[in-house]
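Shown next, in structure tokens, is the structure this report addresses.
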């Protein structure tokens, strides 16, 4: 076992896939000479050269269009968008072209490309650059949307995404790049499936469903709850689309109570979609209404103090759990 | 396949409890035959089959309550397949609708879906609005045949949660026995001392089980407790007592009974029948006593329907002598006896004990001097009748022995003032002391 960062795990996945398959190439703004805005691709230009590590103009529509074209032409592009906020410029290509091609051309063309992009707030990037749009894309049939939260998952899932025949939106988090985690040795090849969540901490009293950066806050919240006698099960969705509903239902059958914790906005988002699915599939197992922890329903403030206030906190998760776990159940 | 539903017997009925299935599954039934005995909040009633066939399926087992309109059994041909999901009211409706042509002259059964989750028809016997219960807790209650109306919810907003059901199941065997509460009041006709403000839950917890025998409340006991507490708590009672000389009344009664014994349908008239007649006539003269208090107005009743409290082993019931003012004395006597008989046999029908406008409660047979009675809402007054007793009385300056009885009128002061109550009692007294007035 060794311990590496989320950033290094990403780089390892890209490098291993490029070594494995010469059709794999990467492109994006400042990813070559500069090594990427978050230094994910540092060193790859030196190793693989200009042909497979390409800088692009500041034009998300161009990057995406090229990636779709290259994928249709038989290559395996990994494109990087500097943040998910800029992907809106390319959203027509993602939603109307990439997501639809296999369907509209009778299943003939595969569009195997990966869009890597960070999302989320917490680094004072203000209202336009702190958003989470996974919900927007996960709404669309034809796209896969994943948001791994740990170095192990991010490496295994990126390798799966590169090998997947369909467009995969691979959403990272700006505050996760320095998160460290245990990894198998470099020689030990592994992948993580794109359609499976995982129980990151087993528990019997309540299920906390979360993803991306909120996984880490949820695990800390579960520690706090455990000190108060409440055993929380923490589930990392990992994939937003497809959703691993069976995993959620199994857990709900055991705990009968759910907190959904996400960083994004409350209304019409991932959490509300999950809540509806859980009620549809596990209504008779619910002993309390689902609690929903989200970011504040505001454009992200630039002020550090206000940004902190707008982001969901560990204590929000703890309080949400305590609100629906009966006091009598708490084991002191 | 025809669906048998919990019938609505009386306006206040929200659910009925199956006391006994007279027919068993698989037995043939004829239209009009008795199917089951049902306990409502007021009486026990036998319900009859409305179609002939085989009693194919009993959906609501004995001892279980089901809301009005819910499916309690299926009647069909012996080879007819049973519908798959008996718990889904919707499915049941479809089945019965499809087979409608097979059974003639059957009123269409429109189930009032109340609780479709439970496959056994177990639901709540609560009547005070809806009970909040989590989906899981509701399912657990249904699976264990637990009537969750008696379960105290400890979740947010008093919601019943899984833990509450589990605790309730631990406390009692998995049968439909409502949590027993000690009977606080002796079983007596409307009366004596007022029912105190219900302290049941606290009381139940404090009592040592070695010192008491717990008597589960019957539906009737619960109804008495609820209605009379409500009466005592909402209507300010006041009492007016009068002493009535009954010598002439006794002679009058004897004359009537000599006549009635030779009537084609002989009958014995009681003092109480004469009192009912007197009260009915007095109400015609003083209609301001024949009223209901309706918050923003008084409702003066055009008809005079006199309730006669009847003591039963399990409580009491007040059958109604309808239009008592228009009935002859023999008729009142026959009707009262018929109703009392029906009440004792549990065969009285809801319309026979609802809709009264005034009640007479008589404890004379128990050697009671006098007592006060609790008004039977929505009525505004009740007459409590004591025993007829030989009493020293002053007549024309001489002390003589006369037979007398004390009657006490309880009135709701929101509707009736003291002077009106007194005038009414005066009229009753006049009619009973000069009893020819009763037939003139």
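Tabulated data
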read-out: Matching entry among B:393, B:419, B:415 (being more than 30 Å from the chain's Cα centre (by Cα) and under 16 Å from residue B:291 (Cβ atoms)); value: B:419
read-out: Any helices (runs of 4 or more DSSP H) falling wholly within region A:242-332 and containing at least 1 residues that are buried (at least 18 other Cβ atoms within 10 Å of the Cβ) and in contact with a helix residue (DSSP H, G or I) (Cβ under 6 Å, 6 or more places away or on another chain); value: A:245-255, A:270-282, A:314-324
read-out: Members of region A:41-80 that are in a loop (DSSP other than H, G, I, E, B) and either outside the structural domain of residue A:116 (by TED's automatic domain parsing) or within 20 Å of residue A:112 (Cβ to Cβ) (or both); value: A:41, A:51, A:52, A:56, A:73, A:74, A:75
read-out: Hits in region B:133-145 (condition: more than 12 Å from residue A:286 (Cα to Cα) and either touching a helix residue (DSSP H, G or I) at 6+ places or on another chain (Cβ under 6 Å) or facing chain A (nearest Cβ under 8 Å) (or both)); value: B:141, B:144
read-out: Matching residues, region B:149-160, being within 14 Å of chain A (Cβ to nearest Cβ) and either over 21 Å from residue A:282 (Cα atoms) or in a loop (DSSP other than H, G, I, E, B) (or both); value: B:151, B:152, B:153, B:154, B:155, B:157, B:158, B:159
read-out: Extreme residue, surrounded by the most Cβ atoms within 10 Å (Cβ to Cβ), among residues of region B:288-312 that are under 15 Å from residue B:341 (Cβ atoms) and either in contact with a helix residue (DSSP H, G or I) (Cβ under 8 Å, 6 or more places away or on another chain) or modelled with pLDDT of 95 or more (or both); value: B:308
read-out: Checklist (1) free of Cβ contacts under 8 Å to residues at least 60 places away in the same chain; (2) in a helix (DSSP H, G or I); (3) under 21 Å from residue A:38 (Cβ atoms) applied to residue A:155, failing item; value: (1)
read-out: Complete set of residues in region B:315-367 that are crowded, with 18+ Cβ neighbours inside 10 Å, without any contact (Cβ under 8 Å) to a residue 60 or more places away in the chain and more than 20 Å from residue B:267 (Cα to Cα); value: B:352, B:356
read-out: Matching residues in region A:158-183 - criterion: being part of a loop (DSSP other than H, G, I, E, B) and either under 22 Å from residue A:111 (Cα atoms) or touching a helix residue (DSSP H, G or I) at 6+ places or on another chain (Cβ under 8 Å) (or both); value: A:164, A:165, A:166, A:167, A:176, A:177, A:178, A:179
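Quick grid of which residues meet (1) in contact (Cβ under 8 Å) with a residue 40 or more places away in the chain; (2) more than 25 Å from residue A:329 (Cα to Cα); (3) within 14 Å of chain B (Cβ to nearest Cβ):
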| position | (1), (2), (3) |
| --- | --- |
| A:226 | no, no, no |
| A:262 | yes, yes, no |
| A:284 | no, no, yes |
| A:298 | no, yes, no |
| A:309 | no, yes, no |
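The values are calculated or read from the model by the stated rules, or taken from the named source; none is laboratory data. Just so it is clear, the structure is predicted and the values come from calculations on it, not from any experiment. With ideal geometry, Cβ positions are generated from the backbone for all residues, glycine too; neighbour counts draw on all protein chains shown.
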